[in-house]
Amino acid sequence: MVYSEAQRAAQRAANKRWYESHKEEISRKKKIYYQQNRERLLSPPYKEKRKENAKIFYEKHKEEVKKLHREYYHTHKEQMAKTQKEYYDKNRDKINERRRQLYREKKNQ
């Protein structure tokens with residue numbers, strides 16, 4: 001059956017309304033599911049399967065993903081730079097000490 005654009009738009013709106021009204025319940029159920037199945041979800045075979053699926057998804061939607069990444073970067077560039085600068089200013093001493101330590105270790109080898 002072929003739906004018109006208006007019917008699809010109405011269905012999307014209805015789906016969105018349903019999701020908004022059930023959002024908290026869905027979130028709660030997801031949290032419970034992940035707590036109960038934590039070991040299984042983090043097990044190596046499951047992790048490998050997720051990686052494989054992600055790779056397949058990326059290959060399938062490569063151009064779209066690249067476009068979204070580019071858009072995100074350009075819209076958040078200033079914010080990311082600001083956050084990075086704030087982090088560096090806040091942790092400057094730790095960062096410099098770590099650099100010195102790595103330099104000393106490399107020099108001693």
Open item on the list: I'd like the distance separating the alpha-carbon centroids of region 68-109 and region 1-50, in whole Å.
Closed with: 36 Å
- [ ] Would you be so kind as to identify which of Asn91, Tyr73, His22 lies farthest towards the positive end of the dipole of the chain, taking Lys and Arg as +1 and Asp and Glu as -1 on Cβ and the Cα centre as origin?
- [x] Asn91
- [ ] Leaving out ligands and nucleic acids, note down the accessible area per residue over the chain with a 1.4 angstrom probe, in whole Å².
- [x] 101 Å²
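Quick check: at a probe of 1.4 Å, how many percent of the accessible area of region 27-80 sits on carbon and sulfur atoms?
56 percent
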Task: the chain: angle of helix 62-90 to the longest principal axis, Cα-based, in degrees nearest 10 - done: 40 degrees
Open item on the list: Let me check something: with ligands and nucleic acids excluded, how do Met1, Met80 order by accessible area (1.4 Å probe), largest to smallest?
Closed with: Met1, Met80
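The values are calculated or read from the model by the stated rules, or taken from the named source; none is laboratory data. Small disclaimer: the values here were computed from a predicted structure and weren't measured. Positions of Cβ are generated from backbone atoms using ideal geometry, with glycine treated the same way; all protein chains shown enter the neighbour counts. Note: areas computed on protein heavy atoms with side chains; ligands, DNA, RNA excluded. Shrake-Rupley method; radii C 1.70, N 1.55, O 1.52, S 1.80 Å.
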